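The values are calculated or read from the model by the stated rules, or taken from the named source; none is laboratory data. Nothing here was measured: the structure is a model prediction, and the numbers come from that model. Neighbour counts are summed over all protein chains in view; Cβ atoms, including those assigned to glycine, are modelled from backbone coordinates with ideal geometry. All accessible areas refer to the heavy atoms of the entire protein, side chains included, with ligands and DNA or RNA removed. Shrake-Rupley method; radii C 1.70, N 1.55, O 1.52, S 1.80 Å.
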Amino acid sequence: IHPMQRLTVDQFRFFVEHFLRCGYHFISLDDIIRKESVKKRNIFVTFDDGYFSSLLALPVLEEYSIPATFFITTNNVVEGRLFWWDALYRERRKRGTPEKEIFQEERLLHKKRHEEILSYLTGEFGKDVLTQTSDLNRPLTPSELKDLSENRLITIGNHNAEHANITLYADGEIESQLAQAQEALTDITGNKPNIISYPHGHYDQRVAEISKSVGLSLGITTEPRLTKLPLGRNGRNAMMLGRFGF
């Protein structure tokens, strides 16, 4: 499986216990929106994409009553297909390709539109390339996502419909990607998300403004920096919150 999915439950527990020992306060999305938790040391835990394997973190979250937000790429969940980078990694490793070369190919594909990536993968590996192989790399099913959304500690966020680099798209296409995900998540969970995580951190001011137009009021980047709470009155930085990858 792709190295990104190799985080273990024990490692996640170590992360949680370390920051609890250091006096950090784990906050929820509601805390940020309502500005009720403004202590000096806050952590907002997030999971991207919508992997089934992310559910393995739930017992740790529940043991310590830690809230978390799961950002979901909806078409993979609805259609039950593998994320493209997992398919690429799996197929290249089958053929003995060194990891360094796979990651270089992956970086190049991130610069393409989603439909171009899918066309490339099917041309390289066949039409069944996105078929799931195990619980370690598959997305959640709609019913699993619904169950997850009903957990008192969990909030569901938008991760766009296709995990596309939407900075490469026209305004109308961006709106369609985001609105499609909003609709699917509302249908599955009964709640309309108000926060987005930009897939792989691809965003610009245009993407941020269009995100707001479909009802999203907070945006998470992949830029490793702290965000001071409470957010400013005008919410100027609300669509570009910093985040540290595990």
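Residues in the range 91-107 that are part of a helix (DSSP H, G or I) and either surrounded by 14 or more Cβ atoms within 10 Å (Cβ to Cβ) or charged (D, E, K, R) (or both): 91, 92, 93, 94, 99, 100, 101, 102, 103, 105, 106, 107. When 70, 15, 52 are screened for being under 25 Å from residue 229 (Cα atoms) and touching a helix residue (DSSP H, G or I) at 6+ places or on another chain (Cβ under 8 Å), only 70 passes. How about the range 189-210: which of its residues are touching a residue at least 40 places away in the same chain (Cβ under 8 Å), more than 15 Å from the chain's Cα centre (by Cα) and either surrounded by 19 or more Cβ atoms within 10 Å (Cβ to Cβ) or closer than 30 Å to residue 6 by Cβ (or both)? Of everything in the range 189-210, those that are touching a residue at least 40 places away in the same chain (Cβ under 8 Å), more than 15 Å from the chain's Cα centre (by Cα) and either surrounded by 19 or more Cβ atoms within 10 Å (Cβ to Cβ) or closer than 30 Å to residue 6 by Cβ (or both) turn out to be 189, 207.
For residues that are in a loop (DSSP other than H, G, I, E, B), open to solvent by 80 Å² or more (accessible area, probe 1.4 Å) and of a type outside the set (Ser, Thr, Tyr), tally how many sit in the range 108-134. Summing the residues that are in a loop (DSSP other than H, G, I, E, B), open to solvent by 80 Å² or more (accessible area, probe 1.4 Å) and of a type outside the set (Ser, Thr, Tyr) in the range 108-134 gives 4.
The residue list 158, 137 contains one member that is modelled with pLDDT under 95 and buried (at least 16 other Cβ atoms within 10 Å of the Cβ), which is 137. In summary, residue 217 fulfils each of the numbered conditions (1) in contact with a strand residue (DSSP E or B) (Cβ under 8 Å, 6 or more places away or on another chain); (2) farther than 15 Å from residue 175 by Cα; (3) at pLDDT below 95; (4) of a type outside the set (Val, Ile, Thr) with the single exception of condition (2).
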